[in-house]
Each structure stands twice: as C-alpha cells, then as structure tokens.
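Novice: Before we start, here is the structure in question, set down as structure tokens.
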Amino acid sequence: MSMRRVKILIIGSGPAGYTAAVYAARAMLEPVLVQGIQPGGQLTITTEVENWPGDVEVLGPDLMERMRVQAEAVGCELVSDIVASLDLSERPFRAVLDGGEEILADAVILATGAQAKWLGLESETEFMGFGVSACATCDGFFYRGRKVAVIGGGNTAVEEALFLTNFAEKVYVVHRRDSFRAEKILQKRLFAHPKVEVIWDHVLDEVVGERDPKGVTGAKLRHVATGETQVIDVAGVFVAIGHAPATELVAGQLEMHHGGYVWVKPGTTETSVPGVFAAGDVTDSVYRQAVTSAGMGCMAALEAEKYLAALGEDVEVAAE
Ligand code: FAD
Ligand code: NAP
C-alpha cells in the first residue's frame with residue numbers, strides 16, 4: 001500500500017473540482033484530484049447544457065471532458081479512484097482510497113457534489129434497473145416506442161421528460177403540485193410537446209410490475225387531495241425528484257446546514273475545520289448550477305492557497 005503527502009487534495013471531478021484543480025495547479029500547488037465513481041460529475045448524465053457561459057449549447061459530457069483536459073494540461077494529477085475514508089481530525093488530513101493508496105494533505109477541497117434522490121418505496125427499489133431509473137440519458141434508449149412516466153417538477157424532471165420524447169411513444173410527467181419549479185423556457189417546451197401529458201397533484205404510490213420476467217408494467221398514482229388512485233400503463237418510471245449532497249465522507253466531522261449540506265462561512269468556502277474547503281453542490285442548497293459550482297471551485301483554490309501560505313509562515317515561525 002503506497003502513501004504520499006500532497007499540499008492540496010481535491011475530492012470530486014465535477015465543475016467545482018476541475019475548476020479548483022485549474023486554479024490550484026496554476027498557483028504551483030501541485031494538486032491531486034481524485035475523480036470518484038462519476039468522472040465529470042452530474043453533467044455527464046445530461047445532454048444539452050444551454051446556460052454554460054460562452055456556449056449557446058454544449059453537450060454535458062463534452063463540457064466535462066474539456067474541463068478534464070484543461071485540469072490535466074495545467075498540471076493537476078488526476079487519480080481514477082474513490083476516496084473511501086477521510087480523517088479530518090488532525091493535520092495533515094488523511095484520505096484512504098478504494099484501491100488502498102493513502103494520501104496525506106495539508107488542505108482538502110471537498111467537491112463531491114450530489115446524488116439522485118429516491119422516493120423510498122419498496123417497489124421502487126425492487127424494480128431499480130428493471131424499469132425504474134434516475135437517468136433518462138443513460139436508460140432512455142430502452143423505451144423506444146413505449147410509454148414512460150417521469151416523477152418530479154424541477155428542471156431535471158422536465159429535461160428528462162423532453163429527452164425521453166426522443167424514444168418513447170408517450171411521456172407522463174407526474175407532479176405532486178399544480179405548478180412546476182422548472183425554468184419557464186423548459187416548461188414552455190414541455191407543454192408544447194404532443195407526446196407529453198402532465199398529471200398534476202399526484203404522487204407515485206407504487207411501481208407496478210411483473211416478476212418473471214422482471215419488468216415494470218405500470219405506475220399507481222394517488223391524488224394528493226382526494227386520495228383517489230389510478231394505474232397508468234408504463235414500461236418505465238424515471239424518478240427525478242432532486243439530488244442530495246454527497247457528504248458521507250465528512251459526516252460527523254464537518255458542520256452541516258440546510259438539511260445535510262456542508263456548512264461554509266458565508267461568502268467563503270471555509271468549512272468548520274480550518275484547511276478544509278467545500279465547493280459546489282455539496283455545500284450549495286440554493287443555486288446548484290454548473291457555473292456556480294465552478295465559481296466556488298475557484299474560490300476554494302484561492303482560499304486554500306492563502307491558507308497554505310499562512311501555514312508555511314506558521315511553520316517557519318515555529319522553527320525559529
Ligand atoms: P458534481 O457534478 O455532482 O460532481 C461530484 C463529483 O464528486 C463526481 O465526480 C463524483 O465522482 C465525485 N465524488 C463523489 N464522492 C466521491 C468520493 N468519495 N471520492 C472521490 N470522488 C467523489 N446545471 C447547469 O448549470 N446547467 C444544466 O443544464 C444542468 N443540467 C443538469 C442535468 C442533470 C440531469 C443534472 C442531474 C444536473 C444538472 N445541472 C445543471 C446541475 C449541475 O450538474 C450541478 O450543479 C453540478 O454538476 C455540480 O457540480 P459539482 O462539481 O459540485 O458536483
Ligand atoms: P429540484 O429543483 O430540487 O426539484 C425537485 C422536484 O421534485 C420538485 O419539483 C419537487 O416538488 C419534487 N419532489 C421532491 N421530493 C419529492 C417527493 N418525495 N415526491 C414527489 N415529488 C418530489 O431538483 P432538480 O430538478 O434535480 O434540480 C436540482 C438543481 O440542478 C436545481 O438547482 C436545478 O436548477 C439544477 N438543474 C439545472 C438545469 C438547467 O439549468 N437546465 C437542469 C437540471 C438541473 P416541489 O416542486 O413540490 O418541491
């Protein structure tokens with residue numbers, strides 16, 4: 001098992017992690033970035049991104065590939081592994097990777113982003129991968145000429161539904177209220193699409209399916225006010241009810257806020273442990289965008305640079 005010491009360890013390879021990598025590398029801090037299970041982060045599971053500055057339209061996976069290339073080109077070392085555990089109780093901080101490598105770091109930038117939320121239904125778990133999915137880009141192709149349901153009312157749900165119209169014969173969007181929180185421009189596209197039917201004020205009660213062969217045949221919906229239920233015939237159910245911050249590594253070690261996001265000192269990326277910085281969706285309960293995540297990645301690298309410089313001075317003073 002190998003062990004090494006670095007100045008800055010960046011955990012996560014979404015817009016926040018890669019931007020932090022660019023700034024830290026250009027500050028000659030020789031950062032090491034561990035990419036995690038989803039190299040490129042959440043944007044790798046979407047198609048067109050239309051609000052990244054400078055691009056009228058860019059495919060999410062292409063944008064993230066460009067960020068990866070840039071991070072490497074300026075001198076960041078990318079490690080294709082997962083941080084399995086992180087000890088922030090003393091400096092240097094200690095990360096152990098899934099592959100066994102141990103990394104000691106003077107500063108850590110946590111950019112672990114967020115993961116899809118699930119409804120928590122037994123039938124949802126039972127049919128996961130057999131008709132239940134949280135990623136239309138990954139699984140939409142399997143529903144060519146079939147009917148599907150998307151659960152949720154945010155940007156992700158509306159985008160997933162629009163994407164699924166490329167394959168499916170019909171797309172139901174089931175939302176628990178009578179209005180969406182998705183951007184108006186996306187809503188307009190959705191309402192105008194002939195293959196889409198919105199079912200307002202309903203929640204998913206149960207995924208209906210067969211066991212042999214295993215597959216989804218319907219979705220049992222319940223009206224939130226009357227309690228009345230109906231079953232719609234669908235072969236796929238796409239759950240798009242948002243994302244939860246990926247904080248397992250730092251649970252019990254960093255202060256949290258807003259139901260599980262890593263707390264940072266307002267206006268900074270400084271967490272409750274000096275030397276540990278958090279950027280992107282893991283700390284942001286409000287904006288949760290690629291561009292804001294990238295902005296926070298930049299802030300984290302600049303703040304880490306300052307922290308390390310002060311640390312260097314402290315060490316020199318202590319040595320005198
Ligand atoms: P993420 O992109 O979530 O990346 C997190 C990274 O952390 C991943 O690389 C993961 O592998 C890594 N990681 C996690 N745990 C570990 C670990 N233990 N060890 C090592 N690495 C780890 N935003 C927009 O601005 N425009 C859009 O059009 C848009 N479309 C979207 C479409 C979809 C379907 C989704 C889901 C989101 C979309 N978003 C969009 C939101 C945007 O993707 C996020 O705001 C952004 O990706 C957050 O960046 P991040 O760097 O904080 O984290
Ligand atoms: P979100 O904005 O949090 O929306 C989640 C949706 O799911 C809401 O409509 C919510 O209903 C519904 N929901 C939550 N829990 C539910 C439950 N238990 N049962 C039924 N419905 C439930 O999440 P998101 O759409 O994934 O977006 C996350 C972030 O990424 C946002 O900041 C978004 O702007 C960003 N994003 C941006 C783009 C883009 O810019 N094009 C694309 C995708 C995502 P309520 O409305 O009733 O709360």
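The values are calculated or read from the model by the stated rules, or taken from the named source; none is laboratory data. The structure presented is a predicted model; accordingly, all values stated were derived computationally and were not measured. A quick note on method: Cβ atoms are made from the backbone with ideal geometry, for glycine too, and the neighbour counts reach across all protein chains shown. Quick note on the areas: whole protein, heavy atoms, side chains included, nothing else; ligands and nucleic acids left out. Shrake-Rupley method; radii C 1.70, N 1.55, O 1.52, S 1.80 Å.
Novice: How would you classify region 98-165 from its alpha-carbon gyration tensor, with a ≥ b ≥ c the square roots of the eigenvalues: rounded for a/c under 1.5, else prolate if a/b is greater than b/c, otherwise oblate? Don't jump to the answer; show the numbers that get you there.
Specialist: Numbers: a/c = 2.52, a/b = 2.11, b/c = 1.20.
Note, shape of region 98-165 comes out prolate.
Novice: How compact is the chain by the rule of thumb for globular proteins, expressed as Cα Rg over 2.2 N^0.38 Å?
Specialist: Values: Rg = 21.9 Å, N = 320, 2.2 N^0.38 = 19.7 Å.
Ratio of Cα Rg to 2.2 N^0.38 Å: 1.11.
Novice: Moving on. At a 1.4 Å probe radius, carbon and sulfur cover how many percent of the accessible area of region 1-75?
Specialist: On the way: 2020 of 3720 Å².
Answer for region 1-75 is 54 percent, counting heavy atoms of protein chains only.
Novice: Further question: Once amide H atoms are built 1.01 Å from N in the peptide plane, which residues 5 or more positions from residue 10, or in another chain, come under 5 Å H to H?
Specialist: Amide H neighbours of residue 10, under 5 Å, 5+ apart: 32, 33, 34, 109.
Novice: OK, next. Tell me, what ³J(HN,Hα) does each residue in region 94-107 have, in order and in whole Hz, if you take phi through Karplus 6.51 cos²θ - 1.76 cosθ + 1.60 with θ = phi - 60° and put x for Gly and Pro?
Specialist: 10, 10, 10, 8, 4, x, x, 5, 10, 10, 9, 9, 6, 9
Novice: Treating the beta-carbon of each Lys and Arg as +1 and of each Asp and Glu as -1, no other charges, what is the dipole magnitude of the chain about its Cα centre, to the nearest 20 debye? Don't skip to the answer; put the middle values down first.
Specialist: Working: 27 positive and 44 negative charges, 193 e Å.
I would put it at about 920 debye.
Novice: Can I ask one more? Compute the separation of the alpha-carbon centres of region 195-259 and region 125-151 and state it in Å as a whole number.
Specialist: 12
Novice: Can you compute the charge dipole magnitude of region 68-207 about its Cα centre, using +1 on each Lys and Arg Cβ and -1 on each Asp and Glu Cβ, nothing else charged? Give it in debye, rounded to the nearest 20. Don't jump to the answer; show the numbers that get you there.
Specialist: Working: 15 positive and 22 negative charges, 206 e Å.
Computed about the Cα centre, the dipole is about 1000 debye.
Novice: Assign one of three labels to region 179-320, namely rounded, prolate or oblate, based on the Cα gyration tensor with a ≥ b ≥ c the square roots of its eigenvalues; rounded applies when a/c is under 1.5, prolate when it is not and a/b is larger than b/c, and oblate otherwise. Could you put the intermediate results ahead of the total?
Specialist: Details: a/c = 3.49, a/b = 2.54, b/c = 1.37.
Prolate is the answer for region 179-320, as a/c is 1.5 or above and a/b outweighs b/c.
Novice: Given H placed on each backbone N at 1.01 Å, which residues far from residue 256 in sequence or on other chains put an amide H within less than 5 Å of it?
Specialist: Hits under the 5 Å cutoff: 263.
Novice: Another one. May I ask for log10 I(q)/I(0) of region 1-154 at q = 0.14, 0.15, 0.17 Å⁻¹, from a Debye sum over the Cα atoms as equal point scatterers with solvent left out?
Specialist: Log10 I(q)/I(0), no solvent term: -0.81, -0.88, -1.01.
Novice: What GluC sites (Glu not before Pro) does region 60-146 have in DSSP loop regions with at most 11 other beta carbons within 10 Å? Show your work: numbers first, answer last.
Specialist: On the way: sites: 65, 72, 77, 90, 101, 102, 122, 124, 126; in loops: 90, 101.
Passing both the DSSP loop test and the Cβ count: 90.
Novice: Nearest 500 deg cm²/dmol is fine: what mean residue ellipticity at 222 nm does the chain get from its DSSP H runs of n ≥ 4 alone, each adding -39,500 (n - 2.57), divided by its residue count? Present the calculation step by step, with values, prior to reporting the outcome.
Specialist: On the way: 7 runs with 83 residues, N = 320.
One gets -8000 deg cm²/dmol as the mean residue ellipticity at 222 nm.
Novice: Please give me the summed charge of the neighbours of residue 20: other residues whose Cβ is under 12 Å from its Cβ, Lys and Arg +1, Asp and Glu -1.
Specialist: Working: positive: 26; negative: 303, 305.
Neighbour charge sum, excluding residue 20 itself: -1.
Novice: What is the set of long-range amide H partners of residue 283 at a cut-off below 5 Å, with H atoms built 1.01 Å from backbone N?
Specialist: Correct list: 262.
Novice: Something else about it: Under a Cβ-Cβ cut-off of 13 Å, what is the net charge of the residues other than residue 9 that fall near it, where Lys and Arg count +1 and Asp and Glu count -1? Could you put the intermediate results ahead of the total?
Specialist: Numbers: positive: 4, 5, 7, 91, 94; negative: 30, 77, 81, 87, 101, 102, 106.
Net charge around residue 9: -2.
Novice: Sticking with this structure for a sec: Each residue of region 234-247 in order: what ³J(HN,Hα) in whole Hz does its phi give by Karplus 6.51 cos²θ - 1.76 cosθ + 1.60, θ = phi - 60°, with x for Gly and Pro?
Specialist: Whole-Hz 3J(HN,Hα) from phi for region 234-247: 9, 9, x, 10, 9, 8, 9, 9, x, 10, 10, x, 8, 10.
Novice: Contour minus end-to-end for residue 225 and residue 73, with contour as 0.36 nm per residue of separation and end-to-end as the Cα-Cα distance? Can you show the working numbers first?
Specialist: Working: separation 152, 0.36 × 152 = 54.72 nm, distance 5.61 nm.
That pair, residue 225 and residue 73, stretches by 49.1 nm at full extension.
Novice: Quick one: work out Rg over Rh on the C-alpha atoms of region 116-258, Rh as Kirkwood radius.
Specialist: Numbers: Rg = 15.6 Å, Rh = 15.6 Å.
Checking Rg against Rh, the ratio lands at 1.00.
Novice: Top to bottom by accessible area (1.4 Å), largest first, where do 181, 94, 146, 4 land? Mind showing how you got there, number by number?
Specialist: On the way: 181 175, 94 95, 146 120, 4 70 Å².
Reading off the accessible areas and sorting them downward yields 181, 146, 94, 4.
Novice: Given R₀ = 35 Å, what would the calculated FRET efficiency be for residue 4 paired with residue 169, taking r from the Cβ atoms and rounding to 0.05? Display every interim value, and only then the final one.
Specialist: Numbers: r = 55 Å, r/R0 = 1.56.
My answer for the efficiency is 0.05.
Novice: Over region 171-320, with the other protein chains present, what is the accessible area per residue in square angstrom, probe 1.4 angstrom?
Specialist: Numbers: 7930 Å² over 150 residues.
Ligands and nucleic acids excluded, the figure is 53 Å² per residue.
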